[in-house]
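Engineer: Sharing a structure here in structure tokens format.
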Amino acid sequence: MAKIREIKGRIKAIGNIERITKTMQMIATARFQASLRAATESRAYTDKIGELVADLAASCASDDETTLAHPLLRAAGAGRRLLLVLTSNRGLCGGYNANILRTAGQYLREHAEAGVDVEVVGKKGTAYFRFTGTEVAAAHTEFSDPPSYEEVEQLAERYMKGFVGGIYAAVDVAYMTFQSVARQSPGVQPILPLADPLADSDASAPTAVVDYDYSPDPDELLNELLPVTVKTRVFQCFNEATVGEHIARMVAMKNATDSASKMGKELNRSFNRARQAAITTELSEIIGGAAALG
């Protein structure tokens, strides 16, 4: 009877765990759908800003000029770099944080000679770097879930100010990139310096025959749009990281729910076998006692 009570208690505990993980899976699914819409919409905006910058750059460039002069476009030097690591505040999301932190560690080893200042978003990343003894320049806890553009804009403006002022030679973001629902991979996204919009253009490609009139001038528009490009890229990294976190938690909780369900079925079979054995033993004792009395 002691074994039956023990199995019954385990069945009840597994049932509670299954209900909890199922609820967490449903919450992660709902948040994933919302964050996916935000990431998709922001990606379209980011891509369109890039196209507009390329068009303006082509209008600004003269026949003899192949590059543009702007502080955000200067080539990365050999100075100190800044790495922003995007992790989650909560766990139970599989290997999401481990993969990002592994990628960040590889980046730190590759640029150890130049020196890297590390800034972290998320409690998991902050705890990891504290455990490994890695110095963290800033641990950001001000971002909401999901982060708003205004919050990210302030961070991007500080990075641009540090880059233009010569404090950093480059600014990069380590996060979980989003390709599709079935594919996410950790990576490092260069933020600053911006790539020259004319560098990737194909000179042999046919050009539009329509001349546009810009107001204000293309140079002034470009000076306004390049900082916006930096801000939208950083914001896109945050959005994709949020999507990746919810996907990882959704998958982890589904696996946990399936495992709990499987374990519950196995415990039910063990409980039925133990109960049948106990009934058989009791019947044997009754029959044996009746035979002894006869």
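Engineer: Local charge sum around I17 (other residues, Cβ-Cβ under 15 Å, Lys/Arg +1, Asp/Glu -1)?
Structural biologist: Working: positive: R10, K12, R19, K22, K254, K262, K265; negative: E18, D258, E266.
Net local charge, I17 excluded: +4.
Engineer: Right, something else. At 222 nm, what value in deg cm²/dmol follows for the chain if DSSP H runs of at least 4 each add -39500 (n - 2.57) and the sum is divided by all its residues, to the nearest 500? Intermediate results must be reported in sequence, preceding the final value.
Structural biologist: Details: 5 runs with 176 residues, N = 294.
Value at 222 nm, helices only, nearest 500: -22000 deg cm²/dmol.
Engineer: Check I191: other-chain or 5+ apart residues with amide H under 5 Å from its amide H, H built from backbone geometry?
Structural biologist: Here the answer is V171, D172, V173, since their amide H atoms fall under 5 Å of that of I191.
Engineer: Report the Cα-based extents of the chain along its three principal axes, largest first, to the nearest Å.
Structural biologist: Principal-axis extents of the chain (Cα, largest first): 118, 46, 33 Å.
Engineer: Please turn the phi angles of region 26-31 into ³J(HN,Hα) values with the Karplus equation 6.51 cos²θ - 1.76 cosθ + 1.60 (θ = phi - 60°), one per residue in order, whole Hz, x for glycine and proline.
Structural biologist: 5, 5, 4, 5, 5, 5
Engineer: Counting DSSP beta bridges with both partners in the chain, what percentage is antiparallel, nearest 5?
Structural biologist: Details: 9 of 23 bridges.
So the antiparallel bridges in the chain amount to around 40 percent.
Engineer: Taking the Cα centre as origin and putting +1 on Lys and Arg beta-carbons and -1 on Asp and Glu beta-carbons, what dipole magnitude results for the chain, to the nearest 20 debye? Please list the in-between numbers first.
Structural biologist: On the way: 32 positive and 36 negative charges, 699 e Å.
It comes to approximately 3360 debye.
Engineer: Moving to a separate point now. Once amide H atoms are placed 1.01 Å from N in the peptide plane, what residues at a sequence separation of 5 or more from D117, or on another chain, have their amide H within under 5 Å of its amide H?
Structural biologist: R81, L82, L83
Engineer: Ranked highest first by the average count of other Cβ atoms within 10 Å around their residues, in what order do 30-37, 114-121, 156-163 fall?
Structural biologist: The peptides rank, most packed first, as 114-121, 156-163, 30-37.
Engineer: Are any of the pairs K8/K254; K123/K265; K3/K124 more than 31 Å apart by Cα-Cα distance, and if so, which? All intermediate terms of the calculation are to be shown ahead of the outcome.
Structural biologist: Values: K8/K254 24 Å; K123/K265 37 Å; K3/K124 40 Å.
With Cα atoms farther than 31 Å apart: K123/K265; K3/K124.
Computed from the coordinates by the stated procedures, all read-outs in this text should not be read as laboratory data. Everything numeric here is computed off the predicted structure, so don't read it as measured data. All Cβ positions, glycine included, derive from the backbone under ideal geometry; neighbour counts span all protein chains shown.
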